[in-house]
Every structure is written in structure tokens, then in C-alpha cells.
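> I have a structure here, written as C-alpha cells, and I will follow up with some questions on it.
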């Protein structure tokens, strides 16, 4: 690969977002190298979809939760052949397009274009998904708001395409295949390291919270089945002798407090204000104060347990606890302990449920549990050690995520430069 500085070998592209292209490249409208196709009644073929990050993929390969549904009647779904250019007409402006490697069918709402001879499908996939082309899909799209915009062929057909000779297309595609494979391998290694760091962090926190800070201390059986052995000098007491359930009134100025799965308990306004279900009548809401131990009864099994950092109000579904003896009980330690109990799966075991994933933990479930009681000074030391562990691992993970973002940005620029002739290959 060689970066060219001979601008006399370039000319104006007349393509939005692309300033110069090599002189020997042609510039043609999309309709000159493609034609619409809409072959239906192929319901027995494999269902495909177009995703922002992946292009055209098999629908069966989608791992994330599917929010879109397929029709029972597949007769109107369109046939796609390998090498066809497919656009999600409502999301093309975001980059949900791609050249298919597969044979199958796609939604009747998609645009399917058959590419003409002289177009390398692999090069076309890189080119049609680069930022300059995506900006053209946005210009051609029509809609209200910024969530959904429809793209239509009469506007799309006039989009300008920069096209190198076929042998050069193939060289560019082969170059990008090699480079993106190397980049993907680097990203995968960093992502695997992040997983390992998260696992190591969880193991260390569990060890500190349930076994204490001194690994050489004499241990005894705790009679707490999800913990096993604990330091011999720790006491064991049922939760009802450690906590009482709080029943504070709601004040007029109170904002809504939410317990999140990462253990944070804070005002919703501190995180986000959209996407919540809001009760029309706030019947049963209870007051909550900074420093109280809070369990989201319906989400505690997933770790939604913590100490509130805010005054406010919360759902009647929340269990709010106050220590009976404030000198003996450090709330933040028990928030960590109960989160470990949740992550071990034990809260799910003891919670009542009328259907799967609808379990609720109540104060009476909690009150009968036997819990370890380290000395209060040791509870505080454990909380501090967990904070240090979390900060150290979170810093490493954040650094790796930043590196991944930079690598992805480099990859995007590399592809854009290659498919627009900024680098000579």
C-alpha cells in the first residue's frame, strides 16, 4: 500500500462527501450499474436481514433480542441472490445496507438491486457501506423526525458512484479483506481480555465480600449455603435482627429514584429521563433517603441492589431497609453482600414468582435469611477494598474500550480512503 501525493492524478468527484478521485475512475449514477428486482413467491428460501454493523446476514445468525417480527405470509418476501445490493429502506440513512453473500429472501419493504457485470461484489459491499455513500442515502430519504426515514428508488437511482476498473476493484477488496481481518482479530483479542478482566474482577470482589481481607485467617462453616466458609470471628444473624423495613412518606419535591442492575441507586434524572413506564397515579409510592439500602424486588435477582445516593421516592415494589444498630451495620457492605447473593443465583431461588422471570423478593423473604456479620470496622475496610478493585479493573476496561473505538475509527477511515482512491493499492 502506498499513499499518493500526486494530486495531478486526481479530479473532482462530484460526489457529496468525496472531494477527489483518481482520474481514471469513472463516476456513474447507481442506475447505470444496477437494476431493481422484485422476485417473490420464494417462501422456502432462507430469511435474510440487513444490520447496521454487519450488512446482509442470515436472520438465524442474529444473537440479539429481536424487536422486529416476520410475517406469517412469506409470499411477498423478495428473492436475494449472492451479489445483490440490499437496502433497508427505512434505515439505509444510518448505514443498514450491504451486498449479499447469501441466497435467500428479505422483507418486501427492502430495496433489492441486481448489480450489472463489471462490478466486484466484495468491493461494492465496502463502497456502498462507506460514510460518503451513507450520507447520500440520508439526502435521498424522506420522513418525519430522525428515527425512521424512507428511501425510494426514484431518488436513490441518481446517487453517484465512483467506480475503478474491475481489476482495481478486486485489488482494493482483497486488500481490505486482509486488513479488516487483522483489525477484527485485534478487536476480538481486546474484547476477550475485557471478558477475562470482568470475570477476575467479579471473583476478587466475591472473595473479599464473603471471605474478608485476610486469606490466612481461621475459617468456619457459615451455615449460609451460598457462601460456605467465612472467617471464624464473623458472627451469623438472621436479617430480621439486622434490618427493619423502611416506611417513609413521600414529599412533594421528591423525584423518582431507581435501582439499576449495576448496583447504582439514584434519581432517574441523574441517568436518563426517557424510556420509563410512569404511573398515572403514584399510589403506594414510598419515600427514600440517601444512605438507605434498597432492593428492586422484581430485578434484585439481576443485581438491582444498592445504597441510595439520593433523596426521593420509589415504587412500592422496592424493599427499603434501615439498620437496627447503625454502629454494627454498614449499609454499603450489605449492598455488596446481597448483590453477591443475587449474582450467585440465590435470590432467584428464594423469590416468589407467578411465572418465569416474574419473581419478587419481599422483606419477609429477606428477613429469614442467615447473613454473616463481620465487625463493623472490617465491613468498612471491605467496602474500601472493593472500591479499589472496581476502580482498577474499570480503568483497565475503559482503556481497552477506548482502544477498540480508536481501532474501529481507523478501520472506517481506511475503508473510506481505499474505496475512494485516496490510497494507491
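> Residue 81 to residue 114: extension gain in nm, 0.36 nm per residue of separation minus the Cα-Cα distance?
Gain on extension, residue 81 to residue 114, equals 11.0 nm.
> Here's another thing I want to ask about it. What is the angle, in °, between the Cα long axis of helix 331-343 and the longest principal axis of the Cα atoms in the chain? Nearest 10 is fine, range 0 to 90.
Helix 331-343 sits roughly 60 degrees off the main axis of the chain.
> If each Cα of the chain is one equal point scatterer, what is log10 of I(q)/I(0) from the Debye formula at q = 0.09 Å⁻¹?
Ignoring solvent entirely, the Cα scatterers give -0.79.
> Once a ≥ b ≥ c are taken as the square roots of the eigenvalues of the Cα gyration tensor of the range 172-226, is the result rounded (a/c under 1.5), prolate (a/b larger than b/c) or oblate (a/b not larger than b/c)?
It is prolate, given that a/c is not under 1.5 and a/b is the larger ratio.
> Let me check against my output: what whole-number percent is the relative contact order of the range 12-134, with C-alpha pairs under 8 Å and at least 6 apart? Intermediate values should be presented prior to the final figure.
On the way: 203 pairs, mean separation 35.7, N = 123.
Averaging sequence separation for qualifying contacts and normalising by length gives 29 percent for the range 12-134.
> Then there's this: Taking the 0 to 90 degree range and rounding to the nearest ten, how far is the long axis of helix 166-211 tilted relative to the main principal axis of the chain, both from C-alpha atoms?
That helix lies at roughly 0 degrees to the long axis.
> Something else: Ranked highest first by average number of other Cβ atoms within 10 Å, how do 23-29, 227-233 line up?
Descending packing order for the listed peptides: 227-233, 23-29.
> Sticking with this structure for a sec: Give me 128, 243, 175 sorted ascending by neighbouring Cβ count inside 10 Å, so fewest comes first.
By the 10 Å Cβ count, ascending: 175, 243, 128.
> If we sort 152-159, 107-114 on the protection proxy, mean other Cβ atoms within 10 Å, highest first, what's the order?
Listed from highest to lowest mean packing, they are 107-114, 152-159.
> Then there is this: Relative contact order of the chain, please, whole-number percent, based on alpha carbon pairs below 8 angstrom and at least 6 residues apart.
17
> Let me ask another. Which length gain, in nm to one decimal place, applies between residue 391 and residue 223 when the Cα-Cα distance is subtracted from 0.36 nm times their residue separation? Intermediate results must be reported in sequence, preceding the final value.
On the way: separation 168, 0.36 × 168 = 60.48 nm, distance 3.20 nm.
Difference between extended and current length: 57.3 nm.
> Here's another thing I want to ask about it. When the Kirkwood hydrodynamic radius is evaluated over all pairs of different C-alpha atoms of the range 213-373, what value in angstrom, to one decimal, is obtained?
About 16.5 Å for the range 213-373.
> With axes computed from alpha carbons, what is the tilt in degrees of helix 131-140 against the longest principal axis of the chain, rounded to the nearest 10 within 0 to 90?
That works out to roughly 80 degrees.
None of the figures in this text is laboratory data; all of them are computed from the coordinates on show. None of these values were measured; they are calculated from a predicted model. Note that each Cβ is placed from the backbone with ideal geometry, even for glycine, and that neighbours are counted across all protein chains shown.
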